[in-house]
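Q: Have a look at this one before I ask anything.
FYI, it's all coordinate maths here, none of it is from the lab. Remember, predicted model here, so these are calculated numbers, not experimental data. When we count neighbours, we look across all protein chains shown, and the Cβ atoms used for this are built from the backbone with ideal geometry, even at glycine.
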Amino acid sequence: MTSPTQGLVVAALAALLVRISLTGEYLRFVQPWMRWPLLATGALLALMALRPMLAREDARSRVPRSSWLILLPLVIVFSVAPPPLGAYIAERRAEQVTTPPPAPARIPVAEGGRPLVLSLEEFTWGVAQSDDVMGLKDQVVRLEGFVSSDKAGDWYVTALVLFCCAADVAVVRVRATGAEAPPRDQWVRVEGVWDAGSGTSASVPPTLEVTRVAEIDAPRNPYS
Amino acid sequence: MSSGPAAAPRRPLVNQTSVVALALLGTILGQRWIQPLTDNESLRAWCTMFVALVVQATPFLLGGVLLSAVISRFLSERLLRRVLPRNPTLAVPVAGIAGFGLPGCECAAVPVSEGLMRRGVAPAAALTFLLAAPAVNPAVIVSTAVAFPNDHLMVVARVVASLTTAIAVGWWCVARGDALGMARRPDAHRHGGGLVAVALHDFLHAGGFLVVGAMAAAAVNTFVPRAWVDSLAGQALLGVLALALFAFVAALCSESDAFVAASLTAFSDTAKLTFLVVGPAMDIKLAAMESGQFGYRFARQFVPVVLVVAVASAALVGRVLL
């Protein structure tokens with residue numbers, strides 16, 4: 001690899017990092033706090049690539065052949081435009097044994113006649129509590145997530161929880177009954193009542209008797 | 001330095017850089033026609049995971065190569081002498097303890113350990129640092145404590161077993177001596193490169209191997225059903241080995257692997273500990289980067305030894321503490 005080509009390879013990676021952090025695409029891959037580190041890394045790499053890019057074409061320094069592969073992420077982002085992970089991964093990982101989600105920092109409690117707005121993690125945590133601290137029994141709750149299904153033909157309101165990067169997502173899902181399944185991967189807002197007693201053990205997801213389903217736009221951050 | 005086109009005699013019309021630049025331009029302009037060709041769910045999921053692994057690691061890798069360049073240029077050998085005992089056997093445990101001080105993931109540790117060797121640190125001590133830093137740094141300790149809120153012994157066990165692994169492998173390296181067959185790359189400083197040129201060269205070198213590792217890890221995370229792993233949870237010994245293998249092939253960040261370990265509830269605590277000890281010490285991404293950095297002959301010995309020592313130390317510590 002000649003020196004200008006080395007500069008170009010690094011500049012291509014820099015351009016990718018700057019692009020995804022400016023457009024918000026980075027949220028498909030990593031956690032929200034990574035935005036500024038990615039931008040800074042992109043800017044720094046671009047500065048470092050400047051001098052070799054301006055060097056003479058016959059200037060060389062040895063790098064292994066695998067360095068060519070640094071171009072691959074850029075090529076993939078432009079040619080495949082990888083979407084956020086969704087139903088495909090959720091269905092493949094759904095059968096793994098999972099631990100109940102951690103307790104929310106502030107426990108939302110039902111009050112009045114209005115629907116209780118919960119994240120899927122809060123809801124699955126709440127139904128697993130034997131004392132029903134959230135007051136979920138007979139309470140209308142409102143949840144958001146994307147649609148996934150299983151082999152039996154049931155459908156689920158689903159979220160993917162991201163710990164570090166998209167390679168380590170875990171699945172949180174709630175089985176929906178009483179309504180026709182929306183298209184797979186479609187984001188939905190559902191209202192319904194917990195089928196009391198379901199989801200109390202971590203290995204079986206809770207069931208929601210759905211009364212309303214609305215299709216919504218996918219959120220900016222596709223993971224929770 | 002560059003010179004204008006007039007100064008370069010008979011510059012060829014077609015050169016490497018322009019071919020690469022044209023190919024990239026073609027990909028960017030042609031995306032409208034290429035994208036429909038790749039409409040396959042599993043391929044797209046692989047692409048998302050692969051790009052995610054590379055994007056997540058790049059800032060840490062850049063930090064690592066910059067720190068490495070700074071170490072090899074500015075850290076005085078006198079200071080290093082004062083901190084590190086000259087005898088490699090004594091330097092190994094000190095280097096292991098020093099691992100508490102670098103809050104980075106394993107991608108940063110590879111170039112930093114190479115930088116330490118360039119500065120004259122005994123290879124065995126630098127390798128101990130490489131094994132210890134990603135496993136026992138403060139960020140990892142905190143995330144492990146958060147992932148195991150009711151089980152503080154897991155944090156202690158992880159630190160003890162990881163440190164034991166790093167030091168034991170370090171001493172093995174001292175004993176092997178020159179038989180390790182470590183391929184040292186020619187020092188880039190000799191080619192008159194400045195700090196930035198050295199860092200960029202290191203980045204290209206390690207980055208390529210990082211991409212290779214990320215490709216393999218993304219494939220495992222996309223295509224291997226987690227149910228295969230879970231099916232071995234019942235057996236004590238097989239469970240330990242299954243999670244050791246899983247840690248090797250999944251190549252998760254050491255700062256997040258505790259959350260994944262906590263979700264493997266079907267496994268024994270010792271098996272989970274094995275997952276936490278093996279992952280930061282050795283995985284598919286690190287094996288690729290290390291064979292790039294130190295040579296294939298070295299990696300062929302080093303990788304299996306680290307795996308065996310890590311599993312043994314986790315099993316032992318798990319038996320005593322958990």
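Q: With the Cα gyration tensor of region A:3-82 giving a ≥ b ≥ c as the square roots of its eigenvalues, does the rule (a/c under 1.5 for rounded; else a/b larger than b/c for prolate; else oblate) give rounded, prolate or oblate?
A: Prolate.
Q: Please compute the modelled spin-label separation between residue A:133 and residue B:43, points set 7 Å along Cα→Cβ, answer in nm with one decimal.
A: Result: 4.8 nm between the two label points.
Q: Provide a whole-number value for the mean count of partner chain Cβ atoms within 10 Å of the Cβ atoms in peptide A:14-21.
A: Average neighbour count from other chains, rounded to a whole number: 2.
Q: Which value in nm describes the separation of the simple spin-label points at residue A:179 and residue B:142, placed 7 Å from the Cα toward the beta carbon?
A: Once both label points are built, they end up 3.9 nm from each other.
Q: Would you please name the trypsin sites (Lys or Arg not before Pro) within region A:75-162 that are DSSP coil residues with at most 13 other C-beta atoms within 10 Å of their C-beta?
A: A:106, A:137, A:151
Q: With n ≥ 4 as the cut-off for DSSP H runs, can you work out [θ] at 222 nm for chain B, using -39500 (n - 2.57) per run divided by the number of residues, rounded to the nearest 500?
A: -24000 deg cm²/dmol
Q: Going Cα to Cα from residue A:151, which aspartates and glutamates come in below 14 Å? Please leave out same-chain ones fewer than 8 positions away.
A: Reachable aspartates and glutamates: A:91, A:95.
Q: With n ≥ 4 as the cut-off for DSSP H runs, can you work out [θ] at 222 nm for chain A, using -39500 (n - 2.57) per run divided by the number of residues, rounded to the nearest 500?
A: -9000 deg cm²/dmol
Q: Report the residue, chosen from B:250, B:227, B:287, that carries the largest GNM mean-square fluctuation when chain B is represented by alpha-carbon nodes joined by springs under 10 Å.
A: Highest fluctuation among the options: B:227.
Q: While we're here: If you take each beta carbon of peptide B:223-234 and count the beta carbons of other chains within 10 angstrom, what is the mean?
A: 2
Q: Rank by packing, highest mean first: peptides B:237-245, A:30-38, B:49-57, with packing defined as the count of other Cβ atoms within 10 Å averaged across residues.
A: Per-residue Cβ counts within 10 Å, averaged per peptide and sorted highest first, yield B:49-57, B:237-245, A:30-38.
Q: Please name which of A:22, A:224, A:7 has its Cα lying farthest along the dipole of chain A towards the positive end, using unit charges on Cβ (Lys, Arg +1; Asp, Glu -1) and the Cα centre as origin.
A: A:7
Q: Given Cα pairs under 8 Å that are at least 6 residues apart, what percent is the relative contact order of region B:40-321?
A: Relative contact order, region B:40-321: 24 percent.
Q: For the pair residue A:56 and residue B:301, what calculated FRET efficiency results from E = 1/(1 + (r/R0)^6), where r is the Cβ-Cβ distance and R0 = 51 Å, to the nearest 0.05?
A: Given R0 = 51 Å and the Cβ-Cβ separation, E is 0.80.
Q: Helix A:3-23: angle to the longest alpha-carbon principal axis of chain A, degrees 0 to 90, nearest 10?
A: The answer is roughly 30 degrees.
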